[in-house]
Amino acid sequence: MTPEYLAVLERKRGRLFSDWSPLGKRGAEIGPLNRPIVRRSDSDVIYVDHCSTDELRKKYHKEEDTKDLEHIDLVWSDQPLSRMLGDRQPLDFVVASHVIEHVPDLCGWLHEMHDCLSVGGVLLLIVPDKRFTFDVHRAVSNPQEVREAYKERRRRPSKRLIADHFANVVSADTWRLWDDYTSIDNLEYCHPPEFIDEGLRAFERGQYVDVHCWVFTPWHFMRLMGLIVSETGLCFDLRYFLTTQDHDLEFYVQLERTNSPTTNWSIEATRARLDALWPSQLNA
């Protein structure tokens, strides 16, 4: 890992942790690959992924330097994470960086995270902001899709989400978008039309097609959290939030497990919208 990326990783840690620290705590990080947010030297941390270390090495050998992949302690199958953790829970924290947008059942996943945590435990999320990613032209996630995924207890992305992903993701440069947001009008599609059909055929064969199931802005994320808390009884309060920073593509969230949530998510959504940073030319 280059010194430049190590500096980026330290910045991510600082932004995500804020006044919270993993030191001396027990928790889990989902999908650490070769750049974990929580280091083993800092915490009693369990690394969790959908594949074993060897399988990840084969999967990412063309895209990543895989020699430094972290050893995966727990391969997450179709079982709830709390059942797989067994007597290693309750946890003080769960960290998930660029994970939540991939999970097929947003509500169900959040409930699984909740069930792993002790009261006062914290779910720490780094979430891509669609305004500055390849999702820029995709619509934010429909609440009805969230409800349907929870009702179906989805373990794979739906055909609708697979088609939307392959039809609408574009080749986006985060830095350029911040410098000139009008460049969104000239972004090229990432995939030719046949990718849609191939994705749907893979679904019909029973394969897992990895796409961004959920598309967020910071304020839309808050609105969806309000819906999930009110409709499904999820007991999370907003502990901390940092909006997408200048020339970055992600926002940072800490959710604290509680017995009786008190966060007014409508107010938080409004605040997130008002406090959102935009490229300077849009504020001129």
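The values are calculated or read from the model by the stated rules, or taken from the named source; none is laboratory data. As the structure is a computational prediction, the values presented were derived from the model and not from experiment. Note: ideal-geometry Cβ built from the backbone for every residue, glycine included; neighbour counts use all protein chains shown.
A few comments on the model shown:
- Which listed residue is at pLDDT below 95 and closer than 30 Å to Val170 by Cβ, from Asp210, Asp246, Asp275: Asp210
- Scanning segment 51-78 for residues being part of a helix (DSSP H, G or I) and either at pLDDT 85 or above or closer than 23 Å to Pro104 by Cα (or both) gives a total of 7.
- Some residue of segment 271-284 being out of contact with any Asp or Glu (no Cβ under 6 Å at 6 or more places or on another chain), among the hydroxyl-bearing types (Ser, Thr, Tyr) and touching a residue at least 24 places away in the same chain (Cβ under 8 Å): no
- Hits in segment 125-151 (condition: over 13 Å from Leu177 (Cα atoms) and either in contact with a strand residue (DSSP E or B) (Cβ under 8 Å, 6 or more places away or on another chain) or surrounded by fewer than 16 Cβ atoms within 10 Å (Cβ to Cβ) (or both)): Leu125, Ile126, Val127, Pro128, Ala139, Asn142, Pro143, Gln144, Glu148, Lys151
- Unique match (being touching a residue at least 60 places away in the same chain (Cβ under 8 Å), not aromatic (Phe, Trp, Tyr) and not in a loop (DSSP other than H, G, I, E, B)) among Val140, Val146: Val146
- Matching residues, segment 164-185, being touching a residue at least 40 places away in the same chain (Cβ under 8 Å) and of a type in the set (Val, Ile, Thr): Val169, Thr174, Thr182, Ile184
- Options Leu117, Leu106, Leu124: the member that is touching a helix residue (DSSP H, G or I) at 6+ places or on another chain (Cβ under 9 Å) and closer than 22 Å to Phe17 by Cα: Leu124
- Residue pairs whose Cβ atoms lie under 6 Å apart, separated by 6 or more positions or on different chains, with the first residue in segment 1-30 and within 22 Å of Glu112 (Cα to Cα) and the second surrounded by fewer than 17 Cβ atoms within 10 Å (Cβ to Cβ), are Pro22/Asp42; Arg26/Asp44.
- The residues of segment 79-91 that are in a loop (DSSP other than H, G, I, E, B) and without any contact (Cβ under 8 Å) to a residue 12 or more places away in the chain amount to a single one, Gln79.
- So Val48, is it outside any loop (DSSP other than H, G, I, E, B) and touching a strand residue (DSSP E or B) at 6+ places or on another chain (Cβ under 9 Å): yes
- For segment 1-44, the set of residues classified as part of a loop (DSSP other than H, G, I, E, B) and of a type in the set (Ser, Thr, Tyr) consists of Thr2, Ser18, Ser21, Ser41, Ser43, listed by residue number.
- Residue pairs meeting the criteria (Cβ under 9 Å; at least 6 apart or on separate chains; first under 27 Å from Val8 (Cβ atoms) and in contact (Cβ under 8 Å) with a residue 24 or more places away in the chain, in segment 114-133; second polar (S, T, N, Q) and assigned to a helix (DSSP H, G or I)): Phe132/Thr174; Thr133/Thr174
- Scope segment 259-270; condition touching a residue at least 12 places away in the same chain (Cβ under 8 Å), surrounded by fewer than 16 Cβ atoms within 10 Å (Cβ to Cβ) and part of a helix (DSSP H, G or I); matching residues: Ser266, Thr270
- Residue within segment 221-243 that is in a loop (DSSP other than H, G, I, E, B) and within 19 Å of Arg273 (Cβ to Cβ) present: yes
- Hits in segment 217-233 - residues which are more than 12 Å from Leu106 (Cα to Cα) and in contact (Cβ under 8 Å) with a residue 40 or more places away in the chain: Thr217, Pro218, Trp219, His220, Met222, Arg223, Gly226, Glu231
- Condition met for Val94 (β-branched (Val, Ile, Thr), in contact (Cβ under 8 Å) with a residue 24 or more places away in the chain and touching a Leu at 6+ places or on another chain (Cβ under 6 Å)): yes
- If the condition is being of a type in the set (A, V, I, L, M) and more than 16 Å from the chain's Cα centre (by Cα), then segment 203-227 contributes Val209, Leu227.
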